[in-house]
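Q: After the structure tokens below, expect a handful of questions from me.
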Amino acid sequence: MPEDSSRPRITTVEIPDPTKESLPPSGPALAEPPSVPPAPPPPPAPPPVTEPHLTAPTPDFPKKNYLGKVLFAIPALILIITIIIVSYVAGKMLNPTPTPTPAPTVPVALVPATPMPTLKPVVKQKTYHNPDAFLSFDYPENLVLIECKSAVYLLESPSDDYASYCTDPVSYLSSVQYASATFYSTQPSDPDAEIEETFIKVAGQEAVRQKLTKDSETKQKITFSSNKTYYLFELIDAKYTSDFENLIASVTLIGPDPTDDWDEYQSDNYNYSIKYPPDWTIILPPPKSKDGLVEIRKNSEDSIYQKLTIEGSTNTQNAYLSASEAISSIKNLPGWRSAPQADLRSIGGGTAQILQGQLSDYWHTFVAIWYKNRVIQMAWNDSLDKPEQETFNYILSSFKFED
């Protein structure tokens, strides 16, 4: 290939190594090289040539294939990501970490749960206790009991005039009489009624049940005798058949009066007496005290349960009105499980209104007895299972005015 005259020539000059000069000669002496004249300066650069054929060729570097590298990197990146994900999932499956799963929030209406039964209100029972008739029974707390001379009536709602009701009872469910202690109806038996008779047991005594049906309405009469006393229980309203059956099941014939051997307290200020068990404690008011507050407790240290409080007032212009106001104020106390109904009883020669029911977390009985110009108020607290209810009934039945 012909030399390119446009490129400058370069002369190579060999420079001796000075270290070699100190070495001893190892052979025949060499002749000194001839002196070399200095190289002439390079000629000036020729003017630039514009002709295309005289321009220095530019090296033809190969172009980088970037698109191919990108296309190759994408599958590799996908493969790496896939390997990472598979490794992570495999690790979780081999070593699962338990995490609490929150319960999904589901509308209540969509929950397919077992239907809840409709809860019926629990009706507690009050107790009627009459040693004179040798009789005791339970009845629903939402009914009103009116006790007249030798008669007791059960009503759905209280009577506005208790006194007139005893002479002309109306709209009652059943009643009790004493020489023949009975649920008694003043209506004559209907000869056109269909009668069905069966024999049952009441308080351990043989009894006869009569069902009288007319115009799809059925009434009941249950009769038996004991202690030389004839008893007649009558159901007037068939709507209360279940309550009537519960009442019959609760009937108890009272034996000898246990209060004969009990201690007795007599109040000089209010002229009454009351008995209590000998192993119970009585707390009297201070001497010359006019409040007349007396407490009778089963346990002297317990100031809440099995405790009877007695308070008297005298010289009252209208004893009936004072007793009714006391009953109304107690009836309106907050804390009653259900609004109590006031029963009317004859106690110790006086007339009494009685409230019974669950008040807060205990069973409460409030009694207001009026006689002449005196009013005696009693408050009894017991636990809800009423373990001393019978004892309280005997205490209450022992109360009497002394004049």
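The values are calculated or read from the model by the stated rules, or taken from the named source; none is laboratory data. Values in this document were obtained by computation on a predicted structure and should not be read as measured data. Ideal geometry is used to build each Cβ from the backbone, glycine not excepted, and the neighbour counts take in all protein chains shown. To get the accessible areas, we keep the full protein, side chains included, count just its heavy atoms, and leave off ligands, DNA and RNA. Shrake-Rupley method; radii C 1.70, N 1.55, O 1.52, S 1.80 Å.
Q: Would you please name the residue that is modelled with the lowest pLDDT, looking only at residues in the stretch 266-284 that are in a strand (DSSP E or B) and open to solvent by less than 40 Å² (accessible area, probe 1.4 Å)?
A: SER267
Q: Got a number for residues in the stretch 314-328 being part of a loop (DSSP other than H, G, I, E, B) and either acidic (Asp, Glu) or touching a Leu at 6+ places or on another chain (Cβ under 8 Å) (or both)?
A: Total meeting the criteria: 0.
Q: Of all residues in the stretch 373-385, which are over 19 Å from GLU147 (Cα atoms), open to solvent by 50 Å² or more (accessible area, probe 1.4 Å) and in contact with a Phe, Trp or Tyr (Cβ under 9 Å, 6 or more places away or on another chain)?
A: LEU384, ASP385
Q: If you go through the stretch 300-313 one residue at a time, do you hit one that is of a type in the set (D, E, K, R), assigned to a loop (DSSP other than H, G, I, E, B) and touching a strand residue (DSSP E or B) at 6+ places or on another chain (Cβ under 7 Å)?
A: No - not one qualifying residue is present in the stretch 300-313.
Q: Mind counting the residues in the stretch 329-371 that are in a loop (DSSP other than H, G, I, E, B) and open to solvent by less than 50 Å² (accessible area, probe 1.4 Å)?
A: Result for the stretch 329-371: 6.
Q: Follow-up. Among (1) touching a Lys or Arg at 6+ places or on another chain (Cβ under 9 Å); (2) crowded, with 18+ Cβ neighbours inside 10 Å; (3) closer than 30 Å to SER150 by Cβ, where does LYS307 come up short?
A: Unmet for LYS307, out of (1) touching a Lys or Arg at 6+ places or on another chain (Cβ under 9 Å); (2) crowded, with 18+ Cβ neighbours inside 10 Å; (3) closer than 30 Å to SER150 by Cβ: (3).
Q: Name the pairs whose Cβ atoms lie under 9 Å apart, with the first residue in the stretch 204-231 and more than 24 Å from GLU194 (Cβ to Cβ) and open to solvent by 80 Å² or more (accessible area, probe 1.4 Å), the second among the β-branched types (Val, Ile, Thr) and assigned to a strand (DSSP E or B), and 6 or more positions between them or separate chains?
A: Qualifying pairs under 9 Å: TYR230/THR182; TYR230/THR223.
Q: Okay, next question. Which condition from (1) under 23 Å from HIS129 (Cβ atoms); (2) surrounded by fewer than 15 Cβ atoms within 10 Å (Cβ to Cβ) is the one that GLN317 breaks?
A: Failed condition: (1).
Q: Now for a different question. Could you please give the count of residues in the stretch 244-261 that are in contact with a helix residue (DSSP H, G or I) (Cβ under 8 Å, 6 or more places away or on another chain) and in a loop (DSSP other than H, G, I, E, B)?
A: Going through the stretch 244-261 one residue at a time, the tally reaches 2.
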